[in-house]
Amino acid sequence: MTEPRSPLEAVSDARSLAAEGATASAVAAVVPDAAGVAPEALHTPVLGWFDRHARDLPWRKEEAGAWGVMVSEFMLQQTPVVRVLPVYEQWLRRWPRPADLAAEPSGEAVRAWGRLGYPRRALRLHGAARAIAERHGGEVPSDHAALLALPGVGEYTAAAVASFAFGQRHAVMDTNVRRVFARAVTGVQYPPNATTAAERRLARALLPDDEATAARWAAGSMELGALVCTAKSPDCGSCPIAGHCAWRLAGKPAHDGPPRRGQTYAGTDRQVRGKLLAVLREALEPVPQRVLDAVWDEPVQRARALDGLVADGLVEPLEGGTYRLPHS
């Protein structure tokens with residue numbers, strides 16, 4: 001008679017299958033005492049939890065429309081909701097439609113981006129708005145392939161807009177979702193540094209068949225990662241799927257993969273770029289070199305940061321040694 005496997009052994013089998021890209025049902029079949037549940041057993045508690053605990057965010061309201069969803073997705077990349085909210089609201093008041101933004105110089109998008117960070121996102125959103133105005137009559141397209149063809153729109157953003165704005169069935173995989181799936185199904189504390197093919201296959205296998213339910217599942221699993229299954233302090237006591245979580249049932253083993261990438265800011269070129277852009281955002285006229293020189297003492301790093309801004313299209317050099325935000 002075969003000895004029953006321990007939850008830890010079952011989770012190990014699940015990890016192997018997930019790494020090989022097995023479907024969720026295949027993973028479930030080998031982990032009956034751990035994460036081994038049918039996808040529907042995860043869907044029901046997560047969706048119920050989401051109905052009760054979803055944050056009241058402006059881009060989730062019907063009046064936000066597809067453009068409001070798209071703007072939020074660009075802004076929320078690597079940026080907390082609390083920082084995005086005021087900028088988002090100002091942005092939508094000024095540019096309620098893609099054509100409104102498309103009619104402005106790209107430098108105005110950079111200016112309005114403020115201190116959200118990663119300002120190339122502003123240029124990409126501006127480029128997407130122009131493409132929407134030129135190719136799609138000013139309306140955000142609902143077709144996933146058309147979304148993916150827009151400038152600055154990648155795999156995640158196309159899936160998120162198609163799902164959240166149009167209620168379609170797509171695997172929407174941000175860091176929060178990947179962390180929930182890594183813990184609940186694969187039994188590891190953190191997902192890989194970069195999204196893998198196996199993760200994509202697992203996410204697709206976990207999708208509910210019904211489009212509307214799949215869209216809610218995408219939003220609910222993301223919210224669960226943002227509010228409960230957080231990176232540093234997961235609140236397992238409040239988790240609706242704690243009883244099925246492979247990582248918790250295995251005793252919450254510590255991360256044993258490649259070191260997780262930390263984000264530093266102080267003293268980096270990113271900080272210098274931010275200081276230079278802050279001066280240019282506040283200026284209505286071209287800014288002389290000497291004014292930019294005053295924002296950072298180290299001349300080599302300052303010059304490198306400024307050159308990088310020019311190369312990225314965020315700053316436009318003019319004759320006479322002055323600079324401004326782009327007017328294209």
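The values are calculated or read from the model by the stated rules, or taken from the named source; none is laboratory data. Being a predicted model, the structure only gives us computed values, none of them experimental. Positions of Cβ are generated from backbone atoms using ideal geometry, with glycine treated the same way; all protein chains shown enter the neighbour counts. For the accessible areas, the whole protein counts, side chains as well, though only heavy atoms, and no ligand, DNA or RNA atoms are used. Shrake-Rupley method; radii C 1.70, N 1.55, O 1.52, S 1.80 Å.
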How big is the convex hull of the Cα atoms of the stretch 62-116, per residue, in Å³? 77
Across 159, 311, 102, the residue with the highest GNM fluctuation in the chain (Cα network, 10 Å cutoff) is 311
Angle check, please: helix 81-94 long axis (alpha carbons) against the longest principal axis of the chain (alpha carbons), in degrees 0 to 90, nearest 10. 50
So for the stretch 47-152, considering every pair of alpha-carbon atoms, how many percent are separated by more than 17 Å? 52
Using only the Cα atoms of the chain, what do you get for the radius of gyration and for Dmax, in Å? 22.7, 86
Stokes-Einstein D for the stretch 140-269 at 10 °C, 1.306 mPa s, Kirkwood Rh over Cα pairs, in µm²/s? 100
Once you put a point 7 Å from the Cα of residue 279 and another 7 Å from the Cα of residue 327, both along the Cβ direction, what distance in nm separates them? 2.0
FRET efficiency for residue 307 and residue 255, Cβ-Cβ distance as r, R0 = 41 Å, nearest 0.05? 0.65
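Provide the FRET efficiency to the nearest 0.05 for the residue 38-residue 266 pair, computing r from the beta carbons and using R0 = 45 Å.
It comes to 0.40.
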Under the helix-only model (-39500 (n - 2.57) for each DSSP H run of 4 or more, divided by the residues of the chain), the mean residue ellipticity at 222 nm, to 500 deg cm²/dmol, is -16000 deg cm²/dmol
Could you sort 88, 323 by accessible area so the largest value comes first, with the probe set to 1.4 Å? 323, 88
Residue-ordered couplings for the stretch 203-212, obtained by feeding phi - 60° into the Karplus form 6.51 cos²θ - 1.76 cosθ + 1.60 and rounding to whole Hz (Gly and Pro as x), are 4, 5, 5, 7, 5, x, 5, 6, 4, 4
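State the dimensionless ratio Rg/Rh of the stretch 230-288 (Rg: radius of gyration of Cα atoms; Rh: Kirkwood radius).
Computed over Cα atoms, the ratio is 1.34.
In the chain, carbon and sulfur make up what percent of the accessible area (probe 1.4 Å)?
Carbon plus sulfur share of accessible area: 52 percent.
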Based on the mean of other Cβ atoms within 10 Å per residue, sort peptides 117-127, 247-257 so the most packed one is first. 117-127, 247-257
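Can you tell me the relative contact order of the stretch 270-328? Whole percent, Cα pairs under 8 Å, sequence separation 6 or more.
38
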I'd like to check one number: the per residue accessible area of the chain, probe 1.4 Å, reported in Å² as a whole number. 48
Taking only Cα atoms of the stretch 230-328, radius of gyration then Dmax in Å: 22.5, 67
Between residue 197 and residue 232, what is the spin-label point distance in nm, taking each point 7 Å from the Cα along the Cα→C-beta axis? 3.6
Length gained when the stretch residue 293-residue 57 is fully extended (0.36 nm per residue, less Cα-Cα span): 80.9 nm
Under the 0.36 nm per residue contour assumption, what length would be gained going from the current alpha-carbon distance of residue 85 and residue 104 to full extension? 4.6 nm
